[in-house]
Amino acid sequence: MRKKMVVGNWKMHGNLLENKQLLDTITSSLDGLHEDLIAVCVPYLYLPSVQNQLQHSGIAWGAQNVSQFEKGAYTGEVSALMLSDFRCQYVIVGHSERRMLFGEGNDVVAEKFVAAQHAGIIPILCVGETLEQREANNTEQVIEQQLMSVINLAGIESFNKAVIAYEPVWAIGTGMTALPEQAQDVHAFIREGLAKQNSNVAEQVVILYGGSVKSNNASELFAMSDIDGGLIGGASLIANDFIAICRALRH
């Protein structure tokens, strides 16, 4: 039986006071739900305070990006070993905003995936297509290439210690959401593709949906057989919305 999971991606939002208030509300409201996996991925600067606040809560924490390099003259970068100093359990790699705004290609994303695992951190690998690619019927080709870059570098078994997040780029921050059946089709394609190489890995890997999940659509999305939870953007910054999405894991 696969675990269900919700991960909040705060992106470049928050401050010390707002973060504390948000997490105070979430932790007090989600007490007892921790047989499901709940995590927040926060800006680097807030990892120490988030670690301090969450370390006894049952809620995990992580980062939104990581360098592919272990150390060296890479000004402004943060390594996986640095993240491990703050006991990060997760790190997002290959988010569409990193791919599109910062030019991270499939090979770089694969290297970041490996760097995270070498430091004992679980990578959340984001894959997904743009609207242009979907309209050209290239969704499956794009996602296969994104996955194969990781498999070619790290091997199929690397997904035993990873999470995948399908995020249709056209549904991020736009208010548009893939229909549950559309999302399910892509999740099934991902799982079937992995199964061609290792059926055990494919069956156990957690695949999240990450395209404008809200409190009013989470239950319907999470009811799909291959959708194991969500990677939540804007709604993770609103305590009541995030709490409702986490509770939707149970329905």
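When the solvent-accessible area of segment 5-249 is split by element, carbon and sulfur atoms take up 51 percent of it, the probe being 1.4 Å.
For the peptides 188-194, 94-100, residues were scored by their other Cβ atoms within 10 Å and the scores averaged per peptide; the highest-first order is 94-100, 188-194. A simple packing score, the average count of other Cβ atoms within 10 Å per residue, orders the peptides 3-9, 22-28, 226-232 as 226-232, 3-9, 22-28, with the highest score first.
Could you order peptides 144-157, 63-76, 80-93 by the average number of other Cβ atoms within 10 Å of their residues, highest first? Walk me through the intermediate numbers first.
Details: 144-157: 17.3, 63-76: 14.6, 80-93: 20.6.
Put in order of decreasing packing, that is 80-93, 144-157, 63-76.
What is the calculated FRET efficiency for GLN197 to ASP107, with r their C-beta to C-beta distance and R₀ = 25 Å, to the nearest 0.05? Before the final figure, lay out the partial values.
On the way: r = 19 Å, r/R0 = 0.78.
Approximately 0.80, to the nearest 0.05.
Report the number of Lys pairs in segment 5-249 whose alpha-carbons are under 25 Å apart, with separation of 8 or more residues or on distinct chains. Number of lysine pairs found: 11.
Relative contact order for the chain: what percent, with Cα pairs under 8 Å and sequence separation of 6 or more? Please list the in-between numbers first.
Numbers: 457 pairs, mean separation 54.7, N = 251.
Value for the chain: 22 percent.
Taking the DSSP bridge list for the chain and keeping only pairs wholly inside it, about 0 percent are antiparallel.
Where does each of PHE159, PHE102 land when they are ordered by accessible area, with a 1.4 Å probe and the largest first?
If we order PHE159, PHE102 from most to least accessible, we get PHE102, PHE159.
Between ASN152 and TYR74, full extension at 0.36 nm per residue minus the direct alpha carbon distance yields a gain of 25.5 nm.
With protein chains left intact and a 1.4 Å probe, residues in segment 5-249 average 45 Å² of accessible area per residue. Between GLU135 and ARG87, the simple label model (points 7 Å from Cα in the Cβ direction) yields a spacing of 4.9 nm.
The values are calculated or read from the model by the stated rules, or taken from the named source; none is laboratory data. Because the structure is a prediction, the values reported are computed rather than measured. Methodologically, a virtual Cβ is constructed for each residue, glycine included, from the backbone with ideal geometry; neighbour enumeration extends over all protein chains shown. Each accessible area value is taken on the protein alone, full model and side chains, heavy atoms only, with ligands, DNA and RNA left out. Shrake-Rupley method; radii C 1.70, N 1.55, O 1.52, S 1.80 Å.
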